[in-house]
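Visitor: Mind having a look at this structure? Questions to follow.
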Amino acid sequence: MFHRSLLRRAIAASLLALSLWAGPPEANAQSTKPGLDFFSGLDFNFKDMDFETQYKFLIRLTPGFKWNFGDHWQVVGQMQIPVLNQYGTEYSFVELRALNISKEFNIKSLYLRASVGAFTQNRYGVDLKAFLPLCDWFAFEGQAGYVGSVFLFPYWEIVAPNRFVGTIGGDIYLPRWNTQFRGVVGKYLYDDIGAEAEAMRHFNHTTISVYARWSNKFNFDGGFKVIIMLPPYRRTHRAVNIRPASNFRLAYTVMYRQWNNKMYYTDPEQNERDGWFSRDLLHWGSHNMEPDFIIKEKTKK
């Protein structure tokens, strides 16, 4: 059986070892273009596990913004606004989904993303993500965060950061078939220790995966995911851009265990297809495929 303190130390030591291995900083080949994006998506949920009715639905609008101000600095924010709620009164409030600042950078072959602020799952604090490709087909990954809770509705409640969470694992990518395998172990938001395994197949604008998870508190579950990158695929870059959300992500769980292996997102558009890092910074895995979005500069008259 894993001891929590040992797992915490192992994750921290592994991230430190990756940093020491990487060496001194190098300049990024390309920086994210400055600009302010306003976008909105749809959070669509349903379950069919209740006896009184076959299906229950929860549908929420997710308006948000991203402000890129150069050199891979970014401020993001997003709200959730309920449109149809059959899940219960606790889901009937407008929620702050994310409001944070982040910075992506690389130290030789080690890629890092540091974030501070409010994250999904009603959490806030600090977060560090790391990705270390060893070759074209294998890479290590890790995430560590120190977070508290924040609720704005139905009343204001903030709990000081008091919880360490983190995962560490590896990724295998087979370029010939655009297929990716991912496995991680970690300590999650509800103090459970668990493991996850996922197999992904990347297609043009779409990724399909199957996954399985185990938690020492909540047992096993699994299912499939579909990530669809949303059109328009050819976009014009302006100082201010209005667009749909970059993707629609559908996750289906065979055994519905609400708290299994829960982690927050720092980027409201984060998804398994894109990973944690910008395509122009990290060239690994699905980032070597044809890009989903072709972005051109607005021509001056």
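Visitor: Looking at the stretch 148-165, can you tell me whether even one residue there is open to solvent by less than 20 Å² (accessible area, probe 1.4 Å), in contact with a Ser or Thr (Cβ under 8 Å, 6 or more places away or on another chain) and of a type in the set (D, E, K, R)?
Guide: no
Visitor: Kindly list the number of the only condition in (1) surrounded by 14 or more Cβ atoms within 10 Å (Cβ to Cβ); (2) touching a strand residue (DSSP E or B) at 6+ places or on another chain (Cβ under 8 Å); (3) closer than 21 Å to Asp280 by Cβ that fails for Ile107.
Guide: Ile107 satisfies every listed condition except (2).
Visitor: Are any residues in the stretch 189-237 small (Gly, Ala, Ser) and open to solvent by less than 40 Å² (accessible area, probe 1.4 Å), and if so, which ones?
Guide: Gly194, Ala195, Ala199, Ser209, Ser215, Gly222, Gly223 - these are the residues of the stretch 189-237 that are small (Gly, Ala, Ser) and open to solvent by less than 40 Å² (accessible area, probe 1.4 Å).
Visitor: Out of everything in the stretch 262-301 that is open to solvent by 60 Å² or more (accessible area, probe 1.4 Å) and of a type in the set (S, T, N, Q), what residue ends up being farthest from the chain's Cα centre (by Cα)?
Guide: Restricting to residues being open to solvent by 60 Å² or more (accessible area, probe 1.4 Å) and of a type in the set (S, T, N, Q), the top hit is Thr299.
Visitor: Here is a follow-up. Would you check which residues across the stretch 118-147 are buried (at least 19 other Cβ atoms within 10 Å of the Cβ) and on the phi > 0 side of the Ramachandran plot and list them?
Guide: Listed by number, the residues that qualify are Asn122, Gly125.
Visitor: I'd like the residue in the stretch 273-301 that is among the polar types (S, T, N, Q) and assigned to a loop (DSSP other than H, G, I, E, B) and, out of all such residues, is modelled with the lowest pLDDT.
Guide: Of everything passing the filter in the stretch 273-301, Thr299 is modelled with the lowest pLDDT.
Visitor: A follow-up question, please. Name every residue in the stretch 166-175 that is surrounded by fewer than 17 Cβ atoms within 10 Å (Cβ to Cβ) and either farther than 30 Å from Asn288 by Cα or of a type outside the set (Gly, Ala, Ser) (or both), in order of residue number.
Guide: Ile172, Leu174, Pro175
Visitor: While we're on this one: Considering only residues of the stretch 72-104 that are out of contact with any Leu (no Cβ under 6 Å at 6 or more places or on another chain) and of a type in the set (D, E, K, R), which is surrounded by the fewest Cβ atoms within 10 Å (Cβ to Cβ)?
Guide: So the residue we want is Glu90.
Visitor: Look at the stretch 176-188 and say how many of its residues are surrounded by fewer than 17 Cβ atoms within 10 Å (Cβ to Cβ) and in contact with a strand residue (DSSP E or B) (Cβ under 8 Å, 6 or more places away or on another chain).
Guide: Here the count works out to 4.
Visitor: Here's another thing I want to ask about it. From (1) open to solvent by 60 Å² or more (accessible area, probe 1.4 Å); (2) more than 18 Å from the chain's Cα centre (by Cα); (3) touching a residue at least 40 places away in the same chain (Cβ under 8 Å), pick out the condition that doesn't hold for Trp259.
Guide: (2)
Visitor: In the stretch 62-70, is there at least one residue being touching a residue at least 24 places away in the same chain (Cβ under 8 Å), open to solvent by less than 30 Å² (accessible area, probe 1.4 Å) and either over 20 Å from Asn247 (Cα atoms) or out of contact with any Gly (no Cβ under 9 Å at 6 or more places or on another chain) (or both)?
Guide: Yes, the stretch 62-70 contains at least one residue that is touching a residue at least 24 places away in the same chain (Cβ under 8 Å), open to solvent by less than 30 Å² (accessible area, probe 1.4 Å) and either over 20 Å from Asn247 (Cα atoms) or out of contact with any Gly (no Cβ under 9 Å at 6 or more places or on another chain) (or both).
The values are calculated or read from the model by the stated rules, or taken from the named source; none is laboratory data. Predicted, not measured: the structure shown is a model, and the values here were computed from it. Don't worry about glycine lacking a Cβ; one is built from the backbone with ideal geometry, like all the others, and counts go over all protein chains shown. Accessible surface is based on the protein model in full, side chains and every heavy atom, while ligands, DNA and RNA are left aside. Shrake-Rupley method; radii C 1.70, N 1.55, O 1.52, S 1.80 Å.
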